[in-house]
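The values are calculated or read from the model by the stated rules, or taken from the named source; none is laboratory data. These numbers come from a predicted model, not from an experiment. Here Cβ is always computed from backbone atoms with ideal geometry, including for glycine, and neighbour counts include all displayed protein chains.
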């Protein structure tokens, strides 16, 4: 039986982050800060070549950007704030190696959440 391809990326990161912070939001009534994995256009082809699950992402940056901007607008319309966490083709592979993680959507989401949590202490 063929494995079903499920879109990955920003929506998955948001879902993970919501699970970790929903209780906090309910008690404070404050908007959440949500991390979205983001890419620079010049890095997109190189990142696709690195990712273990590249076939789950749109083949072009423009297609990816349209989907990501829609997700960002949806989150902001709900009253939450968005932090774009840029995945860098130079540093992401090393970060994954250090944590013994594959270069996939779960790892990108984990990095985005770590960055957002670290930034929330700075804001």
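When residue 18 is tested against (1) at pLDDT below 95; (2) under 16 Å from residue 112 (Cβ atoms); (3) outside any helix (DSSP H, G or I), exactly one condition is not met: (3). Note on region 79-104: residues that are assigned to a helix (DSSP H, G or I) and without any contact (Cβ under 8 Å) to a residue 40 or more places away in the chain total 6. Of the numbered criteria (1) touching a strand residue (DSSP E or B) at 6+ places or on another chain (Cβ under 9 Å); (2) under 14 Å from residue 111 (Cβ atoms), the one residue 89 fails is (1). Of all residues in region 42-55, those satisfying the criterion of being in contact with a helix residue (DSSP H, G or I) (Cβ under 7 Å, 6 or more places away or on another chain) and in contact (Cβ under 8 Å) with a residue 24 or more places away in the chain are 50, 53.
Within region 91-123, restricting attention to residues that are at pLDDT 95 or above and out of contact with any helix residue (DSSP H, G or I) (no Cβ under 9 Å at 6 or more places or on another chain), the residue that is surrounded by the fewest Cβ atoms within 10 Å (Cβ to Cβ) is 100. It is to be established whether one or more residues within region 61-71 are in contact with a strand residue (DSSP E or B) (Cβ under 6 Å, 6 or more places away or on another chain) and either buried (at least 20 other Cβ atoms within 10 Å of the Cβ) or touching a residue at least 60 places away in the same chain (Cβ under 8 Å) (or both). Within region 61-71, none of the residues are in contact with a strand residue (DSSP E or B) (Cβ under 6 Å, 6 or more places away or on another chain) and either buried (at least 20 other Cβ atoms within 10 Å of the Cβ) or touching a residue at least 60 places away in the same chain (Cβ under 8 Å) (or both). Looking at the structure I just gave you, is residue 88 within 23 Å of residue 117 (Cα to Cα), at pLDDT below 95, out of contact with any helix residue (DSSP H, G or I) (no Cβ under 6 Å at 6 or more places or on another chain) and surrounded by 12 or more Cβ atoms within 10 Å (Cβ to Cβ)? Here the answer is no, as residue 88 does not meet what is asked.
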